[in-house]
Each structure stands twice: as C-alpha cells, then as structure tokens.
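S.K.: Provided herewith is a single structure, encoded as structure tokens, for subsequent inquiry.
The values are calculated or read from the model by the stated rules, or taken from the named source; none is laboratory data. Bear in mind that the values here come from a model prediction, so they are computed numbers and not experimental data. Quick reminder, even Gly has a Cβ in these numbers, built from the backbone with ideal geometry, and neighbours come from all protein chains shown. Surface areas here come from the heavy atoms of the whole protein model, side chains and all, with no ligands, DNA or RNA. Shrake-Rupley method; radii C 1.70, N 1.55, O 1.52, S 1.80 Å.
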Amino acid sequence: MYVAVKGGERAIDNAHALLAERRRGDRKVTELSVAQIQNQLPLAVDRVMTEGSVYDPELAALALKQASGDAVEAIFLLRAYRTTLPRFGYSEPLDTEAMQIERRISGTFKDLPGGQTLGATYDYTHRLLDFKLLAEGEQPTELETDDRPLEPCPRVLELLNKEGLIEPSPKADARPRDITREPVDYPAERAVRLQNLVRGDEGFLLSLSYASMRGYGDSHPFAGEIRSGRVAVELVPEELGFPIVVADIALTECEMVNQFHGSKTEPAQFTRGYGVSFGYNERKAMTVALMERALRAEELGEAVNYPTQDQEFVLSHTDCVSANGFVSHLKLPHYVDFQSELEMIRRLRRETAERDGQTEEAEV
Amino acid sequence: MMSASTEQVANTPRQQWMAVLARADASQLEARWQALALQPEYQFIRQPEIGLTMIRGRVGGSGSPFNMGEMTLTRCALRLAGGTLGVAYIAGRDKQHALTAALADALLQEATQHDRLQAELIAPLAAEHQKNCVEREAKTRATQVQFFTMVRGEDE
C-alpha cells in the first residue's frame, strides 16, 4: 500500500523542465522534427503504432520524440491519447490477400506462384557498421526497377489446404469480442488471444517464442509465408450504408505451419499460427504467429506443460503499459508499508536476541 | 496494370471517387480543389470530427474476424443548398482533408459539376495514386529472387 504525500510541486516542475532540456540535447545540434522521425525511423514508428494499438504514423513519431525515443513511454502516450477520442465503429475485415505486395517470402516452398520477393529487408545484410552513414552529406541510392508486374500471390498455406494436409482457417462470422471494451475471461477465444498478442510487448513475445522453440513448449514451426505491403481499409458509415475505402495501411502478416500428430477426431495434419503487425514489423508478426499457435495447445488437445502454452500466464503479461505501470509503481511512496516491515524485522531480531540470551543463561 | 491492386471493392462510381479522395495526398487534393475555385453553399450535418475506428482482420487472413487495433479517422458530413449530402471518412487527423472530400463528394453527385470534378480533380488524383503503386511495385519486383537449393553432403 502506498500513501498520499503532499509537496514537491516545485521540484516536479523543475524536474520536467530538466527533462525537456535533456530531451532537446545539445542545442548546437539541429532539432529533430516529427516528420524526420516518421520518415527516417519508420520501424520505431511501426512498433509504437502496433503496441500503442493506434495506426497513425505521425502521432507515433510525435510520441517517440516526446518520449526521448523510449518505445514503452511512447506507447503509453499513444494509448493515453486514444482514450480521448470517440470510436466510429469497426472496419470491415481486411482482405489481406489483395495486399499490394512489398515483400513476400516462404520458408516452406522454394518455388511459389507469385515468387519470393525480398523487398526492403535487413536480412542478408552483413551487420557491419556502415560508417558512410556517420559521414555528413546524403548518400545517393541507385535503385534498379523491374516493370514487369508481380504475378498474383495466393496464400502459401492454401497450397497445402488444396491437398487437405492443413487445417482450414475457422470460418465463423461471429462478432469478435473487443478487449478494449470487455475484460478477458479464460479460456479466451482465439480472436481475443490474437488481439491481445498483436498489441503485446515485442520483447516479451520474442523471448517466449524463443523459449517455446528451444523446448519450453512444443512450437518449432515453419514460416509458411511472410508478407508485407499495403491493404485497403473499408468501413460502412452509418449515414451511407455501403462500404467505402478510408485508407491504405501498411501491414505485415505471418502464417506459421506446425506439426500436429492428430487426435481421436482429427487426422495427422499441419496446423496454423497467425500473426500480424502494423507497418513492417516482421519480427513482431512472427512472434505473434508463434505464440498464437503455442496458446492453441489446449484446444488441440496437446499437453499444456509450459508457461508458453498457458493462456492466462501469457495473455495477462503481454501488455507493456500494464507491466511498466506495475513495476513503476514501486517508485511511489511505500513509506508506511516499509516502516511496518522495518518494525517487524527489528522486533524479530530483538526477540531472537532475547531468546538466545535466555538460552545462554539456562546453559550456564 | 496492377496485379495486386487494392481497387476491387470500389465498385459504384461514388465508392470509387470516395476512395480516390480518401487516398489522395491532402496537400495535392487541396491544391487541385483551390484551383477549381468552387464556393458551394453548404450546411454541416457533422462538423469535421476526429475519432478512431477499430480495424478488423481475419484469423489466418481468411478466417473468422478479430480486432487488430485502431486507427485515427476524421469524418465530415454536409448538405449543399440544393439538398445533396456529402460524406467523407478519411484516415488520420486532417479536418481540412475531410471537409474538402465531403464537399467534393456532394458536388460530384450533382450533374452540373460532375464531369468537371471528375476530369480535373478525381482523374488526376487517381492517376497519381496509380503512379505511386506502379513505382512501388517496380522497385519491389526488382527484389524477386530465384533460390537454388544446394545438395547437402549427407544426401550424397
């Protein structure tokens, strides 16, 4: 329990002014604009949008600037901002098969209809620091283009589905529960788990995925397909009654393929794990897909032996804003609690000393 | 032609121009709108207002719907003096973009203005969008690979 304290207003004001000064840094260096962050740190922006759970690159860039580049603080700012806005309903479910592809790869098939397209990727870079970027002055990029259109890119897992070797995606059109409006009950349905994972902390999900793949779980899948690109968002405004396009947004999707040894009712087949993130956050989409599948253990009749397969363990600890809030609350005054514990330790010491003294006397 | 175009939903003419107005770069839309020098009389049904919509995806891309995350959205509805209703829902927080799009939507429904707006506003903005898509696709296409698998030692 923490207690209310008064005072310190001036110190707090001065601390905030000091923070602003430190955020600005050396004034001999040009100030960073929000547009620069949005354009030149786009992967940081994508992470803030995904975990902040609001698609708005400019706001995410502003939050990063305000937070001095601290992703968790920026995500908190975006989450706080969203609570000030009214909700204009729900979009139509996105048609990601109609994505304008900017990257599309598969770890399961070498040759695919539509081909494998790398797009802008850090894969295959040598991870050597590029000192040209440290030098002043812009480096020209010479870009090759290819005017032949991309072939249609059907979903890779549908190739397996044609043979009946993979479970079909569930096809219920029920209204999915929205965890921003309703609390989560366990066991949670798949739509709820997915919503939770998509806005979950990337580091936490990455480590859980790693643990799950190393043996603390039973999830060592194949990356069936990873695709990034732009997708149209449509919604049906109440005053129109028909769907309209409101934007194209950048998304990354991942479908993982896992083994499934079959059960009494199901033959041996492949199963799916699905992940998605705003922007070009492929690591996040992959970890969501890994954990989405790991958390299906119970419904697939697999043994739940590890925390990575435990819905309540995973889903109640994914949120970086909640996690950060709970850890940070230790900074609040716990003076009364601590005083009582201090008193208790002193009393126990005193009692032990007195007892030991009596024992010594008795032994004499 | 685009192979992976995002155009398939916009089927009625009104849906098509609304998509073009929503996707347009706000400054380009404004410049073209100002160049038309139209000053229609209108009343707001809904002042430009910023809010959120929850984006829904599908499990596995094609399965049951789920809530993916929200996006910012600005909407506006107005009525021209003649009674025509103009509506705009635009991603982001640009109230002027929503207002201009709603005005254009209303005027595009009026026979007197339709052809001019279609030719001088919608067609160039649609062409610009298409040009961006084609450029992006050409850059992407240049990164398409042919992988060759190597025979591993133990397979010999």
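S.K.: Taking a 30 Å limit on the Cα-Cα distance, which of the listed pairs B:LYS95/B:LYS139; A:LYS331/B:LYS95; A:LYS28/B:LYS95; A:LYS171/B:LYS131; A:LYS171/A:LYS284 fall beyond it?
M.R.: The answer is B:LYS95/B:LYS139; A:LYS331/B:LYS95; A:LYS28/B:LYS95; A:LYS171/B:LYS131.
S.K.: Still on this structure, please answer the following. Pick out which of B:GLY86, B:GLY60, B:GLY69 has the largest mean-square fluctuation in a Gaussian network model of chain B, springs linking Cα atoms closer than 10 Å.
M.R.: B:GLY60
S.K.: Rg and Dmax of the protein assembly as shown, Cα atoms, in Å?
M.R.: Answer for the protein assembly as shown, Rg first and Dmax second: 27.7, 115 Å.
S.K.: About its Cα centre, what dipole magnitude does the range A:211-364 give when the only charges are +1 on Lys and Arg Cβ and -1 on Asp and Glu Cβ, stated in debye to the nearest 20?
M.R.: So the dipole magnitude of the range A:211-364 works out to roughly 500 debye.
S.K.: Let me ask another. Please give the charge dipole size of the protein assembly as shown, origin at the Cα centre, charges +1 on K and R Cβ atoms and -1 on D and E Cβ atoms. Round to the nearest 20 debye.
M.R.: 900 debye
S.K.: With springs only between Cα atoms under 10 Å, which of A:PRO183, A:PRO57, A:PRO152 fluctuates most in a Gaussian network model of chain A?
M.R.: Most flexible of the set in this elastic network: A:PRO183.
S.K.: Specify the angular offset, from 0 to 90 degrees and rounded to the nearest 10, of the alpha carbon long axis of helix A:71-82 from the longest principal axis of the alpha carbons in chain A.
M.R.: Around 80 degrees separate the two axes.
S.K.: In addition: Which of rounded, prolate, oblate describes the range B:25-146, given a ≥ b ≥ c as roots of the alpha-carbon gyration tensor eigenvalues and a/c under 1.5 marking rounded, otherwise prolate only if a/b is larger than b/c?
M.R.: oblate
S.K.: Turning to a different aspect of this structure: Taking the Cα centre of the range A:9-82 as origin and charging only Cβ (+1 Lys, Arg; -1 Asp, Glu), how large is the dipole, in debye to the nearest 20?
M.R.: Value, rounded to 20: 160 debye.
S.K.: Also, I was wondering about something else. If one takes the longest principal axis of the Cα atoms in chain A, at what angle in degrees, from 0 to 90 and to the nearest 10, does the Cα axis of helix A:282-294 lie?
M.R.: It works out to around 80 degrees.
S.K.: Distances longer than 25 Å among the Cα atoms of the range A:79-238: what percent of all pairs is that?
M.R.: 55 percent
S.K.: Now, a different point. Counting other Cβ atoms within 10 Å of each Cβ, which GluC sites (Glu not before Pro) in the range A:206-254 have at most 15 and sit in a DSSP loop?
M.R.: A:GLU238, A:GLU239
S.K.: GluC sites (Glu not before Pro), restricted to the range A:158-217: which are DSSP loop and have at most 14 other Cβ atoms within 10 Å?
M.R.: The qualifying sites are A:GLU163.
S.K.: Quick one: among A:ALA67, A:ALA11, A:ALA188, which has the greatest mean-square fluctuation in a GNM of chain A with alpha-carbon springs under 10 angstrom?
M.R.: A:ALA11
S.K.: While we're looking at this one, here's another question. Which is the longest stretch in chain A that no exposed loop site breaks, taking sites as chymotrypsin sites (Phe, Trp or Tyr not before Pro) with a DSSP loop state and at most 16 other Cβ atoms within 10 Å?
M.R.: A:217-364
S.K.: As a test question: what accessible area, to the nearest 10 Å², does A:ASP95 have when a 1.4 Å probe is rolled over all protein chains in place?
M.R.: Rounded to the nearest 10, that gives 70 Å².
S.K.: Let me ask something else about it. What is the Å³ per residue value for the convex hull set by the Cα atoms of the range A:77-173?
M.R.: Value for the range A:77-173: 259 Å³ per residue.
S.K.: Just the Kirkwood number for the range A:17-97, please: inverse of mean 1/r across all distinct Cα pairs, in Å, one decimal.
M.R.: 13.8 Å
S.K.: Please list, short to long, the whole-number percent of alpha-carbon pairs of the range A:220-364 in consecutive 10 angstrom bins beginning at zero.
M.R.: Spelled out per bin, shortest first, that is 9, 19, 19, 17, 12, 10, 7, 4, 1, 0.
S.K.: Continuing with this model, one more query. Once the Cα atoms of the range A:281-364 are picked out, what are the Rg and Dmax in Å?
M.R.: When restricted to Cα atoms, the range A:281-364 yields Rg and Dmax of 24.8, 75 Å.
S.K.: Projected onto the charge dipole of chain A (+1 at Lys/Arg Cβ, -1 at Asp/Glu Cβ, origin at the Cα centre), which of A:LEU206, A:THR308, A:GLY164 gives the Cα projection farthest towards the positive end?
M.R.: A:LEU206
S.K.: Here's something else I'd like to know. Might you work out the accessible area of A:LEU206 for me, using a 1.4 Å probe with all protein chains in place, and round it to the nearest 10 Å²?
M.R.: My reading of the accessible area for A:LEU206 is about 80 Å².
S.K.: Hey, got a sec? Which trypsin sites (Lys or Arg not before Pro) in the range A:61-130 land in a DSSP loop and have at most 10 other Cβ atoms within 10 Å?
M.R.: Here the trypsin sites (Lys or Arg not before Pro) that fit, given the DSSP loop and packing criteria, are A:ARG127.
S.K.: Another one. Nearest 10 degrees is fine. How inclined is helix A:335-363 to the longest principal axis of chain A, computing both from alpha carbons?
M.R.: 50 degrees
S.K.: Hey, if you put +1 on the Cβ of every Lys and Arg and -1 on every Asp and Glu Cβ in the range B:21-60, which of B:LEU36, B:VAL59, B:PRO48 ends up farthest toward the positive end of that dipole?
M.R.: B:VAL59
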